[in-house]
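The values are calculated or read from the model by the stated rules, or taken from the named source; none is laboratory data. Here the structure is a predicted model, which is why all the values come from computation and not from measurement. All Cβ positions, glycine included, derive from the backbone under ideal geometry; neighbour counts span all protein chains shown. Keep in mind that these areas ignore ligands, DNA and RNA; they rest on the heavy atoms of the full protein, side chains included. Shrake-Rupley method; radii C 1.70, N 1.55, O 1.52, S 1.80 Å.
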Amino acid sequence: MRRLEASDLLALWERGAPRHALDRSALLCAWARPDVPADAVADLPLGTVTAALLRLRTETFGARIRAHVDCERCGERLELNLAAGELLQPVDDDAVAPREIEVGGLRVRAPSLRDLAAVSRERDAEHAARLILERCMRHDGRADVVLPEAGLRQVEDALEAIDPNADLAFDVRCAVCGHEGCAQLDAGELLWDEIDARARALLGEVHLLARAYGWTEGEVLGLSGARRAAYLAMVAA
Ligand SMILES: [Zn+2]
């Protein structure tokens, strides 16, 4: 996995900023997985995308993840300190073909970014989840397959088994009220927020060093992080 250097990071930030969150995830995943054809990224199993984004994040920003979640019961803001490596299940992500499994006589494939995008305007989360599963069931020439109510849980369990990294879920215990719940990490959102913050910081550094030394943007970004920090300290002194 390659890491995002300053100029790559700024280029991706510029392209991703006007896009929808799902398109940003596709953009970053395509950069992280140059071995996958660009038009196939939207059809990768979500767990493959999540793993690629989290590995790119680890290479670029380190393995520790500091995030926060609000307690479901009392609303207390809980600080999280997670290790990226502990969130991912070991899965062979090199296989680009959609993962499929048979549940109750139906073939079901793992959902992709394209499936999420198709239901992104749906306001009811449960209905959206159901629409996604119906999109992922192979119809084999039959009319639209309607998912039986009782089978929903079964299909979700089967999909979790074939694509375990689709949801990065972990246990959280509230330090204030003791409530024990489950939280989820959105790898795309996490990585984008960090790229956004780093890009704005980099532009500030370019601004200061270009003004102080007359260097071009390219020259400033071509410096290593350590050299940029050393010059910035001299400019500030
Ligand atoms: Zn609480």
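Per residue, the accessible area of the stretch 197-236 comes to 63 Å², computed with a 1.4 Å probe over protein heavy atoms only.
Here Leu131 and Arg19 are evaluated by their C-beta separation; at R0 = 22 Å the FRET efficiency comes out at 0.45. Once you have a ≥ b ≥ c as the square roots of the Cα gyration tensor eigenvalues for the stretch 197-236, tell me rounded if a/c is under 1.5, and otherwise prolate or oblate according to whether a/b is larger than b/c. Rounded shape, in that the Cα axes give a/c under 1.5. In plain terms, the chain from His179 to Met234 could stretch by 14.9 nm, reckoned as 0.36 nm per residue minus the Cα-Cα distance. Span-like helix check, the chain: qualifying full DSSP H segments, with Cα axial length of 30 Å or more and mean Kyte-Doolittle of -1.0 or more, are 187-213. Across the chain, the longest run free of exposed loop sites, meaning trypsin sites (Lys or Arg not before Pro) lying outside DSSP classes H, G, I, E and B with no more than 14 other Cβ atoms within 10 Å, spans 143-237. With all protein chains in place and a 1.4 Å probe, the accessible surface of the stretch 6-188 carries 48 percent carbon and sulfur. Available extension along the chain between His207 and Asp157 is 12.9 nm, counting 0.36 nm per residue and deducting the alpha carbon span. Relative contact order, whole percent, for the chain stands at 22, derived from Cα pairs under 8 Å and 6 or more residues apart. Net charge near Leu113, counting Lys/Arg +1 and Asp/Glu -1 over other residues with Cβ under 9 Å of its Cβ? Within the 9 Å Cβ shell, the charges total -2. What the stretch 6-188 shows is 55 Å² of accessible area per residue, with the surface traced by a 1.4 Å probe over protein heavy atoms.
Net length available on complete extension from Asp186 to Glu79 is 37.0 nm, with 0.36 nm assigned per residue and the Cα-Cα distance removed. In loop segments of the stretch 188-237 as defined by DSSP, there are no chymotrypsin sites (Phe, Trp or Tyr not before Pro) with at most 12 further C-beta atoms inside 10 Å of their C-beta.
Among rounded, prolate and oblate, which fits the stretch 6-188 when a ≥ b ≥ c are the square roots of the eigenvalues of its C-alpha gyration tensor, a/c under 1.5 means rounded, and a/b larger than b/c means prolate?
Oblate, because a/c is 1.5 or more while a/b does not exceed b/c.
The portion of the accessible surface of the stretch 197-236 made up by carbon and sulfur, rounded to a whole percent, is 57 (1.4 Å probe; DNA, RNA and ligands excluded).
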